[in-house]
Structures are given as structure tokens and as C-alpha cells.
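S.K.: Just passing along the structure, written as C-alpha cells.
Nothing in this text is a laboratory measurement; each read-out follows from the coordinates by a stated rule. What you are looking at is a predicted structure, and each value in this text was computed from that prediction instead of being measured.
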Amino acid sequence: MAQTALGAARMVLSTGRHPASLRDDVTTPAGCTIAGLLMLEDGRIRSVLARAVEEATKTSAHLGVGPTKVSESGGGQRSGS
């Protein structure tokens, strides 16, 4: 599976073509490849991957930054409770 992903990535990089265009070249209607891809789409893989990249990007923005200090005003705690 890793070799398949690596080969696909190399094709995108070397041809400059959109991945969907390359996918169309290797899938046939009612074939096993498109069947698997449709299952991934049904599972919303695209949105899950996009959210994962977004979250990793947010997290990386905070790497190397020291921890934030808690407010000395009590941080939302009520006095006298």
C-alpha cells in the first residue's frame, strides 16, 4: 500500500496533473478501484483528512512557544464558594 501511495504522489509531482485527472486514467466504471474510492468518499475521508491537516497546522503553530500563564485573577473561579 505504501508503494502505491508513493507511486501516486510521484506521478502527481512529475506530471503536474491534478490527482483526480490521474485517478480518472486508472479507474474504470464499476471497477474495483472506483468501488473502493466510493467507499472512502461515503466515509467522508476527504473531509476527515482536511480536518486532520488543519488541526496539525494549528498545533504546529504553537510548537516552541512556552506554556501560557493562568490569569492571577483566579481563572474563572468564584470567591467564597
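S.K.: Just subtract the alpha-carbon distance of T33 and R46 from 0.36 nm times their residue separation and send over the number in nm, one decimal.
M.R.: Result: 3.0 nm gained on full extension.
S.K.: I would also like to ask the following. Mind listing the long-range amide H neighbours of T27? Cut-off is under 5 Å, sequence gap 5 or more, other chains count too, H placed in the peptide plane at 1.01 Å from N.
M.R.: Result for T27 returns nothing.
S.K.: Return the ratio Rg/(2.2 N^0.38 Å) for segment 12-53, where Rg is computed over Cα atoms only.
M.R.: Cα-based Rg divided by the globular estimate yields 1.32.
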